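Worksheet: one structure, shown below.
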Amino acid sequence: MNTPDKSLLVISSSPRKGGNSDLLCDQFVSGAKEAGHQVEKIFLKNKQINYCTGCGSCFNGSKSCPQKDDMAEILEKMIAAEVIVMATPVYFYTMCGQMKTFIDRTCARYTEISDKEFYFIVTAAVDSTPAMQRTIEEFRGFTSCLENPREKGIIYGTGAWNIGDIRKSKAMTIAYEMGKSA
């Protein structure tokens with residue numbers, strides 16, 4: 001049974017608004033809102049997130065990241081959320097660069113992203129769920145560095161090459177239902 005009024009943060013790393021992984025995010029959001037949850041979706045393409053420079057300022061915990069971009073605001077939202085949904089298109093059997101850059105930039109405060117439920121959304125042209133496992137393992141590499149993460153679900157959007165192909169997929173219903181039961 002789901003608990004109403006959870007706070008959910010959906011992070012879409014699609015480079016295309018309305019792209020296949022972004023459409024699945026929207027379905028998840030619709031289901032979660034219907035269940036009464038508070039949901040915010042962040043479309044990374046609309047944010048300025050610089051690459052981690054490896055400067056080391058955040059390593060000792062005494063200084064925050066010196067970069068002045070949108071990442072600090074997003075980190076605050078991740079820390080506050082109860083549920084985090086991370087979505088990526090799969091390129092060359094791995095997550096897209098936007099998602100990897102985003103994950104790298106959590107370094108400054110990743111120890112504060114604790115006790116969260118996680119859902120992963122992946123889309124690819126390939127029609128094989130096993131072929132997408134490398135991308136899921138990349139997400140798990142991130143969450144394994146966090147305190148008490150709980151993986152709650154994975155949505156596989158397979159066979160989606162062109163923008164909008166996912167609309168014909170059962171993944172649309174799965175995303176909606178998973179959001180509704182989050």
Within region 79-105, residues closer than 15 Å to residue 119 by Cβ and surrounded by fewer than 19 Cβ atoms within 10 Å (Cβ to Cβ) come out as 82
Expected single match for acidic (Asp, Glu), touching a strand residue (DSSP E or B) at 6+ places or on another chain (Cβ under 8 Å) and surrounded by 13 or more Cβ atoms within 10 Å (Cβ to Cβ) among 112, 117 is 117
Would you be able to say whether some residue in region 28-50 is in a helix (DSSP H, G or I) and over 29 Å from residue 172 (Cβ atoms)? no
For this session: Restrict the check to region 158-170 and report whether at least one residue is in contact with a helix residue (DSSP H, G or I) (Cβ under 7 Å, 6 or more places away or on another chain), under 18 Å from residue 38 (Cα atoms) and assigned to a helix (DSSP H, G or I).
Result: no
Point to revise | Condition check for residue 75: assigned to a helix (DSSP H, G or I), within 13 Å of the chain's Cα centre (by Cα) and either surrounded by 14 or more Cβ atoms within 10 Å (Cβ to Cβ) or touching a residue at least 12 places away in the same chain (Cβ under 8 Å) (or both) | key: yes
When (1) of a type in the set (S, T, N, Q); (2) assigned to a loop (DSSP other than H, G, I, E, B); (3) modelled with pLDDT of 95 or more are applied to residue 135, the one that fails is (2)
Only unsatisfied item for residue 128, checking (1) over 15 Å from the mean Cα position of the chain (by Cα); (2) at pLDDT 95 or above; (3) not hydrophobic (A, V, I, L, M, F, W, C), is (2)
Scanning region 120-144 for residues that are closer than 17 Å to residue 20 by Cα and not aliphatic (A, V, I, L, M), the one surrounded by the fewest Cβ atoms within 10 Å (Cβ to Cβ) turns out to be 127
Picked from region 93-113 (must be in a helix (DSSP H, G or I) and aromatic (Phe, Trp, Tyr)), the residue nearest to residue 159 (Cα to Cα) is 102
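The values are calculated or read from the model by the stated rules, or taken from the named source; none is laboratory data. Note that the structure is predicted; figures quoted are calculated from it, not measured. Note that we place each Cβ from the backbone using ideal geometry, even for glycine, and neighbour counts take in every protein chain shown.
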